[in-house]
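A quick write-up on the structure given underneath.
Bear in mind these aren't lab numbers, they're just calculated from the coordinates by the rules spelled out. These numbers were taken from a predicted model, which means no experiment stands behind them. When we count neighbours, we look across all protein chains shown, and the Cβ atoms used for this are built from the backbone with ideal geometry, even at glycine.
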Amino acid sequence: MPPRVIAIDGPAGAGKSTVALRVARRLGWAYVDSGAMYRAAALKTVESGASPDDPAAVLSSLASADIQLDLRNHGWSILLDGRDVSEAIRSRAVALAASKVSQIPEVRSRLIAMQRRFAEGAGVVMEGRDIGTVVFPEAPVKIFLTAQPKERAKRRLDEEQEKGRKATLAEIEREIQRRDKLDAERATSPLRPAPDAMVLDTTGLTVPQVVERILVMAREKGFAANR
Ligand code: DC
């Protein structure tokens, strides 16, 4: 039987988190943010004083790391060594470090094993970069969300400003481009749509429009929204 998984992949700022969480709520499924796991690994690395560019140092800092997702809170709570780091992982510095530590195959295999365990119970909507290609290649619904780079940068800038952080559009655009390049060009599980994914450009679409399109696909596979 195929797993009850909806895989939502795509680059930074494409709207994956907002959309994935809403789809999960409508279906009554769990929501898992796989990027949060890479971010927690990156935070551990940075806090240990290891360079995210040095695979040996990263792996030694992660050897004793305990990374847990608290699904009772729709996947929004991520615990690192028992500490809630849900907010701490959201900085731009951690995002870049996450893009670097996620290049390391041993880091990926450890986190992928955790991600697969989430599908053992109820249905799950999981967002990331390689969910449809590597983590759940047999997922019945695969979406690759994207948007024009300017639009993605604008969305991220709005998020930064909502949090009261200073940033310029040009800075955010540069950072997004850098991460896209790292994520798309890495040797292991690069960011790319699965051959059977629906590619959805969200530029100019509202969140409810995107959510409805995904729910239509889910319904075609026999997964009904309960509201
Ligand atoms: O989705 P995000 O921006 O929180 O992810 C942070 C980084 O983690 C991203 O730049 C690449 C990496 N990542 C990954 O390699 N594979 C995933 N499934 C999710 C995230």
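Here are a few things to note about the model shown:
- Taken about its Cα centre, the range 180-224 carries a charge dipole of roughly 100 debye when the Cβ of each Lys and Arg holds +1 and the Cβ of each Asp and Glu holds -1.
- Taking a ≥ b ≥ c as the square roots of the eigenvalues of the alpha carbon gyration tensor, the range 72-227 is rounded, as a/c is under 1.5.
- Sequence-separation-based contact order of the chain, relative, with Cα cut under 8 Å and 6+ spacing, percent: 33
- For the pair LYS154 and LEU71, the difference between a 0.36 nm per residue extended length and the Cα-Cα distance amounts to 26.9 nm.
- Footprinting exposure proxy ranking of VAL58, VAL125, VAL199, fewest other C-beta atoms within 10 angstrom first, gives VAL199, VAL58, VAL125.
- Considering only alpha-carbon pairs that sit under 8 angstrom and 6 or more positions apart, the relative contact order computed for the range 121-227 is 38 percent.
- For the range 86-122, backbone nitrogen atoms closer than 20 Å to the point 7 Å from SER64 Cα along Cα-to-C-beta are found at 107.
- Net length gained if the chain between GLU106 and ARG174 were fully extended (0.36 nm per residue, minus Cα distance): 21.7 nm
- Long pairs among LYS44/LYS142; LYS142/LYS166; LYS16/LYS44; LYS150/LYS181; LYS44/LYS154, criterion Cα-Cα beyond 26 Å: LYS44/LYS142; LYS142/LYS166; LYS44/LYS154
- Using the Cβ-Cβ distance between LYS166 and ASP81 with R0 set to 41 Å, the FRET efficiency from 1/(1 + (r/R0)^6) comes to roughly 0.85.
- Remark: the SER48-ARG25 segment gains 4.7 nm on full extension, using 0.36 nm per residue and subtracting the alpha carbon distance.
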